[in-house]
1. Please work out if Ser94 is assigned to a strand (DSSP E or B), at pLDDT 95 or above and of a type in the set (S, T, N, Q).
2. For residues in region 17-41 being in contact (Cβ under 8 Å) with a residue 24 or more places away in the chain and over 25 Å from Gly167 (Cα atoms), which is most open to solvent (accessible area, probe 1.4 Å)?
3. Inside region 52-70, can you point out the residues that are under 15 Å from the mean Cα position of the chain (by Cα) and in contact (Cβ under 8 Å) with a residue 24 or more places away in the chain?
4. Among the residues of region 42-82, how many are of a type outside the set (Phe, Trp, Tyr) and open to solvent by 40 Å² or more (accessible area, probe 1.4 Å)?
5. Going through region 91-120 one residue at a time, which ones are crowded, with 17+ Cβ neighbours inside 10 Å and in contact with a Gly (Cβ under 8 Å, 6 or more places away or on another chain)?
6. Scanning for something open to solvent by less than 10 Å² (accessible area, probe 1.4 Å) and either on the phi < 0 side of the Ramachandran plot or at pLDDT 95 or above (or both), does region 124-137 turn up at least one residue?
7. Find the residue count for region 165-198, including only residues that are of a type outside the set (A, V, I, L, M, F, W, C) and over 18 Å from the mean Cα position of the chain (by Cα).
8. How do the helices (runs of 4 or more DSSP H) wholly within region 101-192 filter down when requiring 1 or more residues that are of a type outside the set (A, V, I, L, M) and more than 19 Å from Ile4 (Cβ to Cβ): which remain?
Amino acid sequence: MKLILMSTPYFFVEEHQILTALFEEGLEILHLRKPETEPVYSERLLTLIPQEFRKRIVVHDHFYLKNEYGLKGIHLNHRNPELPPKYKGHISCSCHTVEEVQAHKRACDYLFLSPIFDSISKENYDARFTIQELKALQKSKVIDRKVMALGGVNLENIAVTKSLGFGGAVLLGDIWNRFSIHTTQDFKDIITHFRRLKRAAE
């Protein structure tokens, strides 16, 4: 099962170091999501990440960055629902209902379905589906290798995510809550935890 990391919505000093270290640990895909930020800050972050890892990055905003920095692809969502003219390359998108998955699956390389579990990073953003409903969606092949689970994925439930037939899990709060930009001196806890998640997803 793939592990996909979602960036924090804000920028911070150690970010490029943590992302580079995670890529070195085997992180397959990073989704760079920085809503309502100026593109110059994303450009700066990308220049600090070694070129060999940029092809593993998918952008949620400022789609021109894909070609400018040789990135993996782009991600469509409610802020940016349309493909750029004549776009060719990797496409993913956010879905919150079965109908959205069915509508977009063919056109996309993969989809995010959320929230699968109660969110770690957002308050009052609770699971949209019961385990029984998810099992039914797996049986009817709505959930398959092209659908990635987003929302509340952590070390305790990642095995459940895998058993439900998702092609991958999107990590957010379970990773970033282990680092505080105000008090944490290093990011060893993030790396150690990512290794545990990676083993659990194999």
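1. Criteria met by Ser94.
2. Out of the qualifying residues, it is Tyr41.
3. Passing the criteria: Arg56, Ile57, Val58, Val59, His60, Asp61.
4. Going through region 42-82 one residue at a time, the tally reaches 19.
5. If the condition is that a residue be crowded, with 17+ Cβ neighbours inside 10 Å and in contact with a Gly (Cβ under 8 Å, 6 or more places away or on another chain), then Ile91, Ser92, Tyr110, Ser114, Pro115, Ile116, Phe117, Ser119, Ile120 are the ones that fit.
6. yes
7. The number of residues fulfilling the criteria is 9.
8. Result: 131-139.
The values are calculated or read from the model by the stated rules, or taken from the named source; none is laboratory data. Everything numeric in this text was worked out from a predicted model, so none of it was measured. Note that we place each Cβ from the backbone using ideal geometry, even for glycine, and neighbour counts take in every protein chain shown. Each accessible area value is taken on the protein alone, full model and side chains, heavy atoms only, with ligands, DNA and RNA left out. Shrake-Rupley method; radii C 1.70, N 1.55, O 1.52, S 1.80 Å.
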